[in-house]
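**Q** This is the structure, below, for whatever I ask next.
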Amino acid sequence: MDRQHVAALLNYAATVDSRVRRLMATQEQAAATIRSWAEALAHIPAVAEAVDWDASRAARRYYEQANGDRSAQFRPIEPADLLAAWAPFRAELMNRHTDPLPAVDPDDVTAWRAELLGTRYAVAHGQQPPSEHKALTSDPHPDVEARLSEIGSCIPPHVRGELASYRPGRVAREAALAAGQPDPLSVRCDWCQAPKGQPCRSRRTGPDGVARSNARRITPHPSRADLAAAQHRQEAAV
Ligand SMILES: [Zn+2]
């Protein structure tokens, strides 16, 4: 708060409290009071929109609330009352603040530290709003969307190439599709009941009737391939 803010605040307090009015009786007295208040309140803002802080409102509240020995009934408002009122607002600002990445060269440790501390200081004193993490509110990046629509996968082509040896089933399926052959996974498997789009599974059952394994098969069951081929021929004939 600068002297103008302090003068406006004292002017308000003087209208409701004759004890403050006496502090401002002569021009010299008023100037001295404003000077000492402005010094004490230099580090708190007159207004901080981010947390809805307004020093003049805090002063009014002092006169509206009976609050123990801090009550207007016992003594006129003092800078300490405004400092105490500001403290929780300041804490709220710092709770909301996340240090943004400084713009300076990260190798310049002094400048980096100075910028971090400077931003925190500015937030704590209401000079700038807290920097909050942005929530994810939009769709994927346009690049990712373009790739998805082009190749139907968000994995870049060269990575898919390198992954090929680890996913032989998928590679075989894609090769078959590219060659115009029927896709066994386009139909449900009657043998292992694998649903459409899911690979066949090998089920091994122990003598006690409990399943020992349920592994994915790289090649679909032959009956499924036959069924898909039959459907493929039917579709081709139509
Ligand atoms: Zn199957």
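The values are calculated or read from the model by the stated rules, or taken from the named source; none is laboratory data. Values in this document were obtained by computation on a predicted structure and should not be read as measured data. With ideal geometry, Cβ positions are generated from the backbone for all residues, glycine too; neighbour counts draw on all protein chains shown. Ligands, DNA and RNA are excluded from the accessible area calculation, which covers all protein heavy atoms including side chains. Shrake-Rupley method; radii C 1.70, N 1.55, O 1.52, S 1.80 Å.
**Q** When the residues of segment 176-190 are filtered to those that are farther than 19 Å from A236 by Cβ and of a type outside the set (D, E), which remaining residue is surrounded by the most Cβ atoms within 10 Å (Cβ to Cβ)?
**A** C189
**Q** Please verify whether L116 is at pLDDT below 80 and either closer than 30 Å to A40 by Cβ or not assigned by TED's automatic domain parsing to the domain that holds S18 (or both), treating the condition exactly as stated.
**A** no
**Q** I'd like to know if segment 35-49 contains one or more residues that are over 26 Å from A124 (Cβ atoms) and exposed (fewer than 13 other Cβ atoms within 10 Å of the Cβ).
**A** No, segment 35-49 contains no residue that is over 26 Å from A124 (Cβ atoms) and exposed (fewer than 13 other Cβ atoms within 10 Å of the Cβ).
**Q** So, in segment 171-189, of the ones that are among the hydrophobic types (A, V, I, L, M, F, W, C) and assigned to a helix (DSSP H, G or I), which residue ends up farthest from the ligand (Cβ to nearest atom)?
**A** So, considering only residues that are among the hydrophobic types (A, V, I, L, M, F, W, C) and assigned to a helix (DSSP H, G or I), the one farthest from the ligand (Cβ to nearest atom) is A178.
**Q** Can you tell which of P168, P156 is open to solvent by 40 Å² or more (accessible area, probe 1.4 Å), within 44 Å of the chain's Cα centre (by Cα) and away from the ligand (no atom under 16 Å from the Cβ)?
**A** Unique residue meeting the criteria: P168.
Conditions tested, residue by residue: (1) closer than 29 Å to A236 by Cα; (2) within 10 Å of the ligand (Cβ to nearest atom); (3) part of a loop (DSSP other than H, G, I, E, B).
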residue: C192; (1), (2), (3): yes, yes, yes
residue: G197; (1), (2), (3): yes, no, yes
residue: R204; (1), (2), (3): no, no, no
residue: P207; (1), (2), (3): no, no, yes
residue: N214; (1), (2), (3): no, no, no
residue: I218; (1), (2), (3): yes, no, yes
